[in-house]
Amino acid sequence: MITLHGSGVFLSKDALCASAPLSPGEGRKRTLAWSILQAHSVSGDPERLQIRFDAMVSHDITYVGIIQQARASGMREFPIPYALTNCHNSLCAVGGTINEDDHVFGLSAARKYGGIYVPANQSVIHSYAREQLAGCGKMILGSDSHTRYGALGTMAVGEGGPELAKQLLKDTWDVPYPKVVLVYLTGAPKRGVGPHDAAIALVKAVFESGFANNCVLEFAGPGVASLPIDFRNGLDVMTTETTCLSSIWQTDGETRAFYEAHGREGEYRELRPGDFAYYDKYIELDLSRVEPMIALPFHPSNAWTIREFLDHAEDILAKVEADAKKRYPKARINLAQKARDGGVWADQGIIAGCAGGLFDNITEAADILRGGSCGDGYFALDVYPTSIPVSLELTRIGAAADLLRSGAVIKPSFCGPCFGAGDVPAHNGLSLRHTTRNFPNREGSKPGEGQFAAVCLMDARSIAATALNGGRITPAAEINYEPVRRPYRFDGSVYEKRVYNGCGRPRPEEELILGPNITDWPKMQPLAKNLLLELAAVLRDPVTTTDELIPSGETSSYRSNPLRLAEFTLSRREPAYVGRAKAAAELEEKRLAGEVPEKLRALLERCGARAEETQFGSCVFANRPGDGSAREQAASCQKVLGGFANICYEFATKRYRSNCINWGILPFTLDGGAEFPYEAGDCVFVPDIRRAIEEGREDIPAKVLKADGGGADLLLHVRGLTAEEKEIILDGCLMNYYARRAD
């Protein structure tokens, strides 16, 4: 089904070639990635890209902080189209008025600075970008990790908020030229197989090895022609879970038809790799061999064919249960009960968001359920179309009625089921979701309070097949139905009536409307000569997600208030972290005021440093932090609490490392074989760190001061900083960097 090749390959006329009449260096200039990236780079150096994007998108968890950062740094108007969607906080009820306060702020910002404002429940962020912003050969930057529009010929990148603030300040997104990995598609999907099946299989194949980490995935090959555009979009958006940097697909008549349907014919142009395009690595994916898949908790890569899962359900569920009990010792977990009566039974099905709520997914789910029933038992099915135009078309063709008659519920356009702010299952519930992630707590439970629920990712087709069987997990390929491919008719009239589009027409005379929860960022100090760090959390999991660093779900309501949000940092993974970080920050406040508390004095004596030259704060150690969301708050909350560094073996994603840097958090790494046998309460002293950053030193000697009085030497690394990143770290954060330049 999927084969990975670590060697390079040429592509000529849809055929793979081991050799070519040109060099690999010349061949890589014939990839789609090369042509688009170089066209958007202003650096003049093809190996060190400085990208200016064509458009940007943010949702209501992120846009307040981004605009506040840019405003504090001197922004006067949005220099490129910038869409503010309201698809994350729109059903999150925590905090009284504060969610709608954010929405009012968003509209006032769009009016003042010349942006686009998409009201709540009109569209999820990536649907609106596909419908209204994408274009062949364009690049889009979004403050959401699933910013992926490669199937539409658009290279899109999900990053943390500070990178969007940079674009608003007419700065660039800087990155070394990435490796480009060919995803060579052959064959055609079987009946009952959907985009999530292919996506889950791809993620399973590449995630653990890091095969695609920080690379660009370029989709080409004869199999592309067999895929409808919604299949391509649904597969493409899940490339985020491979930890790749971006994606791009060859375009064809199917792509043209998408732009024509949306009244944007001028955005189409044919994109094909040049003859003998060269790729650093390649993946062969035979679509005809893809089976209906299921991804078990707690990652999309923990995947099986549904048939394999059903054949070995007791053993697989026992492993998931053991993992869950290890993660959540307070929770009372019983997944074994799901395997009974000759099957495995789920409690909930969800089809939603940028991956699941697509037109073709929902119409085929309706084909499966037409005339059938979800039953009157514990199983329930909820369907969230991606946008009002999709809902209108589902209504017009009768698919929505078919689903409603079966017992399914049609809900508004909303991303909540993707991150735990909607449809939270009952305790020990098993939810099947065609959404993007099944990370811990993504379903919204609170294991710290004894609750537990589990999410398995499945395609909408198999979720509908399961619903037809009353919740008994069933692969769609085993259901006797006839899918009907329906042409999509886009009705954009609702956008014309409800979406504010002030792009290019700022109104500087208008005032921002700031509710009481919207606060400015606290003052942050520049990097001192020396750095003394107390380990406030030591996380030894193979990977630490951004959801664990700053939980999703109900905390979303506080995203516009840095101090209140910071109270949730690591709350579901290391509850003692906030208290430890605050205690360290309190000592630093006293140091800045001229006091030297006894604990700090004793530590300074042990490392022979002076208080006036030595910054004191907290630090997080994790093996591989930052997988998942682009939310900058995973880093900014640490900084708000007085965090000055992360120590790890490797950052899981480029975007989380960038978030750390933009918030003045030192991105320390260790050698792969180096031991780190230290615990919370131990300290790390990094002498002369300011000079090391100024001079671009990448090997940083440090000393561990153990809480029991012992000590050890430690070699840290800070590798690959750009000149601008060095300045940001020295200044203490991105806002300080821009403020200093403005003075």
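Table for the structure above
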item: Verdict on Cys374 being out of contact with any strand residue (DSSP E or B) (no Cβ under 7 Å at 6 or more places or on another chain), buried (at least 22 other Cβ atoms within 10 Å of the Cβ) and in the same structural domain as Asn438 (by TED's automatic domain parsing); result: no
item: Condition check for Leu381: crowded, with 24+ Cβ neighbours inside 10 Å, within 26 Å of Asn233 (Cα to Cα) and not acidic (Asp, Glu); result: yes
item: Failed item in (1) closer than 20 Å to Tyr282 by Cα; (2) at pLDDT 95 or above; (3) of a type in the set (Asp, Glu), with Glu208 passing the rest; result: (2)
item: Subset of segment 173-187 (residues that are crowded, with 18+ Cβ neighbours inside 10 Å, not acidic (Asp, Glu) and not in a loop (DSSP other than H, G, I, E, B)); result: Trp173, Val175, Val180, Val181, Leu182, Val183, Tyr184, Leu185
item: Among the candidates Ala355, Ala401, residue that is free of Cβ contacts under 8 Å to residues at least 12 places away in the same chain and either part of a loop (DSSP other than H, G, I, E, B) or hydrophobic (A, V, I, L, M, F, W, C) (or both); result: Ala401
item: Scope segment 722-743; condition part of a loop (DSSP other than H, G, I, E, B) and crowded, with 17+ Cβ neighbours inside 10 Å; matching residues; result: Gly732, Cys733
item: Near pairs, Cβ below 6 angstrom, 6+ apart or cross-chain, from segment 599-611 (assigned by TED's automatic domain parsing to the domain that holds Glu589) to any residue that is outside any loop (DSSP other than H, G, I, E, B) and among the charged types (D, E, K, R); result: Ala611/Arg591
item: From Val494, Val484, residue being farther than 23 Å from Ile80 by Cα, touching a residue at least 40 places away in the same chain (Cβ under 8 Å) and under 31 Å from the mean Cα position of the chain (by Cα); result: Val494
item: Count of residues meeting criterion [surrounded by fewer than 19 Cβ atoms within 10 Å (Cβ to Cβ), within 28 Å of Lys599 (Cα to Cα) and not basic (Lys, Arg)] in segment 693-721; result: 11
item: Matching residues, segment 720-743, being touching a Ser or Thr at 6+ places or on another chain (Cβ under 7 Å) and of a type outside the set (Gly, Ala, Ser); result: Met735, Tyr738
item: Val620 being more than 16 Å from Pro522 (Cα to Cα), crowded, with 20+ Cβ neighbours inside 10 Å, touching a Ser or Thr at 6+ places or on another chain (Cβ under 8 Å) and of a type in the set (A, V, I, L, M, F, W, C); result: no
item: Filter pass, Ile36 being under 21 Å from His126 (Cβ atoms), part of a helix (DSSP H, G or I) and within 24 Å of the chain's Cα centre (by Cα); result: yes
item: The listed residue being surrounded by 16 or more Cβ atoms within 10 Å (Cβ to Cβ) and touching a His at 6+ places or on another chain (Cβ under 7 Å), out of Ser556, Ser552; result: Ser556
item: Check on Leu4, touching a residue at least 12 places away in the same chain (Cβ under 8 Å), assigned to a strand (DSSP E or B) and assigned by TED's automatic domain parsing to the domain that holds Val183; result: yes
item: All strands (runs of 3 or more DSSP E) inside segment 236-289 with 1 or more residues being surrounded by fewer than 18 Cβ atoms within 10 Å (Cβ to Cβ) and out of contact with any Asp or Glu (no Cβ under 7 Å at 6 or more places or on another chain); result: 281-286
item: Residue match in segment 159-181 (condition: within 28 Å of Arg485 (Cβ to Cβ), touching a residue at least 60 places away in the same chain (Cβ under 8 Å) and outside the structural domain of Ser387 (by TED's automatic domain parsing)); result: no
item: Failed item, numbered, when Ala460 is tested on (1) under 17 Å from Val383 (Cβ atoms); (2) in contact with a Pro (Cβ under 7 Å, 6 or more places away or on another chain); (3) aliphatic (A, V, I, L, M); result: (2)
item: Residue check, Arg52 modelled with pLDDT of 95 or more and either over 26 Å from the mean Cα position of the chain (by Cα) or farther than 25 Å from Thr154 by Cβ (or both); result: no
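Residue-by-condition table, conditions (1) out of contact with any Cys (no Cβ under 7 Å at 6 or more places or on another chain); (2) of a type outside the set (D, E, K, R):
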{"position": "Asp367", "(1), (2)": "yes, no"}
{"position": "Ser373", "(1), (2)": "yes, yes"}
{"position": "Tyr378", "(1), (2)": "yes, yes"}
{"position": "Leu381", "(1), (2)": "no, yes"}
{"position": "Ser391", "(1), (2)": "yes, yes"}
{"position": "Ala399", "(1), (2)": "yes, yes"}
{"position": "Ile410", "(1), (2)": "yes, yes"}
{"position": "Cys418", "(1), (2)": "yes, yes"}
{"position": "Ala421", "(1), (2)": "no, yes"}
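Residues are listed down the side, and each one gets a yes or a no for (1) under 18 Å from Asn646 (Cβ atoms); (2) polar (S, T, N, Q):
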site: Gly502; (1), (2): no, no
site: Asp541; (1), (2): yes, no
site: Thr546; (1), (2): yes, yes
site: Glu567; (1), (2): no, no
site: Val578; (1), (2): yes, no
site: Lys590; (1), (2): no, no
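The values are calculated or read from the model by the stated rules, or taken from the named source; none is laboratory data. In this text, all values refer to a predicted model and were calculated from it rather than measured experimentally. Positions of Cβ are backbone-derived with ideal geometry, glycine not excepted, and every protein chain shown enters the neighbour counts.
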